[in-house]
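Here the structure is laid out as C-alpha cells; the discussion comes afterwards.
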Amino acid sequence: MAILQQNENELLPYEKCLRYGPQALTDDELIAVILRSGTKNCSCLEAARRVLDRAGSMGILGLKHMGIGTLTEIEGIGNVKAIMLVCIGELSARIVRADRKSVVNFESSSQVAEYYMEDMRHLERERFMLIMLDNKCGLIHESVLSEGTVNYTCISARDIFRDALNHGAVCLIMLHNHPSGDPKPSEEDIKATAAVGDAGRMIGISLLDHIVIGDNRYFSFKEHNYI
C-alpha cells in the first residue's frame with residue numbers, strides 16, 4: 001500500500017489528469033499542465049508554484065490580474081508561457097460571462113454590482129461600461145466605452161445611445177469603477193449621469209442606474225435617488 005501511495009504521489013500533473021480527471025488536480029498542478037515544460041533550473045510545477053506565490057492571498061484568481069510583464073519576472077516563465085497564462089485567465093473570464101449572460105436578469109442594483117464586482121474591483125485603471133437590457137431587464141449586451149481615466153467629454157450621449165439602438169436595448173445601466181476603492185461619485189459622475197438620463201428620456205431608452213464599483217463596495221445612483 002505504501003508503494004502504491006508513493007507512486008501516485010510521483011505522478012506528473014498530466015498523468016494525474018489522465019488517471020483521475022482535471023478536477024483532481026491542485027491549482028499549481030493545473031497551471032503546470034498549461035505550462036507543459038520547465039527550464040533546466042525550474043520544473044513546470046515549481047514555476048506554477050511561483051506564479052501562485054506571486055498572486056499571494058488572491059490565489060488562482062490572481063492570474064486574472066497579472067500581466068505579461070509581471071509573469072515574466074517569475075523564474076521559469078518566459079513570454080510564451082506568460083501569454084498562455086494571461087490568455088487562459090481571459091478565456092476563463094469569458095466562459096463565465098457567457099454562461100452568466102444566458103440566465104441574467106437584473107432586478108436590482110445589488111445584483112448588477114455583485115455580477116461585476118470581481119471583474120472590476122481589482123482594476124488599476126478606470127473602466128466605463130454600458131449595460132444594455134431588454135424590457136424584462138435581461139442582459140442583451142455589454143460594451144466597454146472607455147478604459148483609463150474616465151473622461152466624459154470623450155463619452156458622448158450620442159455614442160451611448162447609438163450603441164444601445166444597435167443592440168435593440170430598451171433600457172441601460174452605466175457602470176464604472178474607482179481604483180481607489182471608494183465608490184463615492186464625483187461631481188463629473190453626477191453631471192454626466194443627469195445628461196445621459198435626460199437624453200434617454202427624449203429617445204425613449206431609460207437609464208435605470210449608474211453604478212460605481214469600489215473595493216467590495218458600490219454606489220448606486222438609483223438607490224441614492226439621483227435617478
_Just to be sure I understand: if I project the alpha-carbon convex hull of the chain onto a plane and average over all orientations, what area do I get in nm²?_
15.5
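Report, for the chain, the % of DSSP beta bridges that are antiparallel, rounded to 5.
Values: 17 of 24 bridges.
Among the beta bridges of the chain, antiparallel pairing accounts for roughly 70 percent.
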*asked:* Per residue of region 125-132, what does 6.51 cos²θ - 1.76 cosθ + 1.60 with θ = phi - 60° give for ³J(HN,Hα)? Whole Hz please, x for Gly and Pro, Karplus curve as stated.
replied: 10, 6, 10, 10, 10, 10, 9, 9
*Compute the Kirkwood hydrodynamic radius of region 16-93, taking the inverse of the mean of 1/r over all pairs of distinct Cα atoms, and give it in Å to one decimal.*
12.5
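With n ≥ 4 as the cut-off for DSSP H runs, can you work out [θ] at 222 nm for the chain, using -39500 (n - 2.57) per run divided by the number of residues, rounded to the nearest 500?
Numbers: 9 runs with 103 residues, N = 227.
The helix-only estimate for the chain comes to -14000 deg cm²/dmol at 222 nm.
Plugging the Kirkwood radius over Cα pairs into Stokes-Einstein for region 48-181, at a temperature of 37 °C and a viscosity of 0.692 mPa s, what D comes out in µm²/s? Write down the numbers at each step before the final one.
Working: Rh = 16.7 Å.
Estimated diffusion coefficient is 197 µm²/s.
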_Can you give me the long-range amide H partners of Leu145? Hydrogens built in the peptide plane at 1.01 Å from N, cutoff under 5 Å, separation of 5 or more residues or another chain._
Phe128, Met129, Leu130
*So what is log10(I(q)/I(0)) for region 136-227 at q = 0.21 1/Å, when the Debye sum runs over its Cα atoms only?*
-1.13
*GNM on the chain, C-alpha springs below 10 Å: top fluctuator among Arg19, Arg127, Arg217?*
Arg19
_Taking the alpha-carbon distance from Lys40 and a cut-off under 17 Å, which lysines remain once sequence neighbours fewer than 8 residues away in the same chain are dropped?_
Lys81
_Please list, in order along region 156-169, the HN-Hα scalar couplings obtained from phi with the Karplus expression 6.51 cos²θ - 1.76 cosθ + 1.60 (θ = phi - 60°), rounded to whole Hz, x for Gly and Pro._
7, 4, 4, 5, 4, 7, 5, 4, 5, 5, 4, 9, x, 6
*Take the solvent-accessible surface of the protein heavy atoms, probe 1.4 Å, and return the percent of it on the chain that carbon and sulfur atoms account for.*
52
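The values are calculated or read from the model by the stated rules, or taken from the named source; none is laboratory data. These numbers were taken from a predicted model, which means no experiment stands behind them. To get the accessible areas, we keep the full protein, side chains included, count just its heavy atoms, and leave off ligands, DNA and RNA. Shrake-Rupley method; radii C 1.70, N 1.55, O 1.52, S 1.80 Å.
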